[in-house]
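Asker: Below are the structure tokens for one structure; questions will follow.
The values are calculated or read from the model by the stated rules, or taken from the named source; none is laboratory data. Treat the numbers as computed from the prediction; the structure is a model and nothing was measured. For neighbour counting, all protein chains shown are included, and Cβ atoms are generated from backbone atoms with ideal geometry for every residue, glycine included.
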Amino acid sequence: MDKSMIKGVVVGGLAMVVLGASGVTGYQVLTQPKLAEVVAVKEVFKTEVTPRKQCEDVVVRRQAPVQDRNRVVGTVVGGVAGGLLGSTIGGGSGKTLATVAGAVAGGYTGNQVQKNLQQKDVVATTERRCRTVNDKSQKLLGYQVTYRLDGQESTVRTSFKPGPTLPVINGEVVLTAPAQDRS
């Protein structure tokens, strides 16, 4: 055999090996799945808490300021009225005793009546009261997707809600949003 024939056989053999390998690779690429079946999709949320100030006007009742702390007016008016009433009773020295007793009893009663009136004398004012309340909201983080590829189930998180299938390239699931879903 001459050299050129040997070269031809070697080059031809190499070409057959290359073509055979590419055929096997091409067959493997052709037989790989193009889609993964989506088995389940679950939304994943995060709870966000936002504090804010909430104020309201509240009516507050307080005892009115007392003008006569010692209740002198009630004591004097009660004493005079009691003395006048006591003076109508009896005669002579009994009349004097009745007048004094009436004045003392009337003074005490007048004092207590003024005390009760002062306690019931209230003033209503409006006060603004504020407190912090927390507003809660849900933020969608993404989707927990369970898919089946080549008979095996796997779970991934995506930023988009997938359809019934996910694309597969070179045996790997594509986890980017389809072009029409991107914003």
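Asker: Pick from the stretch 75-90 the residues that are part of a helix (DSSP H, G or I) and of a type in the set (G, A, S): which of them is farthest from G106 (Cα to Cα)?
Answerer: S87
Asker: Another question about this same structure. Tally up the residues in the stretch 13-36 that are part of a helix (DSSP H, G or I) and either at pLDDT 75 or above or under 30 Å from T132 (Cα atoms) (or both), please.
Answerer: Within the stretch 13-36, the subset part of a helix (DSSP H, G or I) is 13-31.
Subset that is either at pLDDT 75 or above or under 30 Å from T132 (Cα atoms) (or both): 14, 16.
Of the residues in that region, 2 qualify.
Asker: Of (1) in contact with a Ser or Thr (Cβ under 9 Å, 6 or more places away or on another chain); (2) exposed (fewer than 15 other Cβ atoms within 10 Å of the Cβ); (3) at negative phi, A81 satisfies all except one. Which?
Answerer: (2)
Asker: So is V39 in contact with a Lys or Arg (Cβ under 6 Å, 6 or more places away or on another chain), exposed (fewer than 12 other Cβ atoms within 10 Å of the Cβ) and either among the aliphatic types (A, V, I, L, M) or not in a strand (DSSP E or B) (or both) or not?
Answerer: Working: in contact with a Lys or Arg (Cβ under 6 Å, 6 or more places away or on another chain): yes; exposed (fewer than 12 other Cβ atoms within 10 Å of the Cβ): no; either among the aliphatic types (A, V, I, L, M) or not in a strand (DSSP E or B) (or both): yes.
In short, no.
Asker: If you don't mind, another one. When you go through (1) surrounded by 10 or more Cβ atoms within 10 Å (Cβ to Cβ); (2) more than 40 Å from the chain's Cα centre (by Cα); (3) under 30 Å from V41 (Cα atoms) one by one for T109, which number turns out not to apply?
Answerer: (3)
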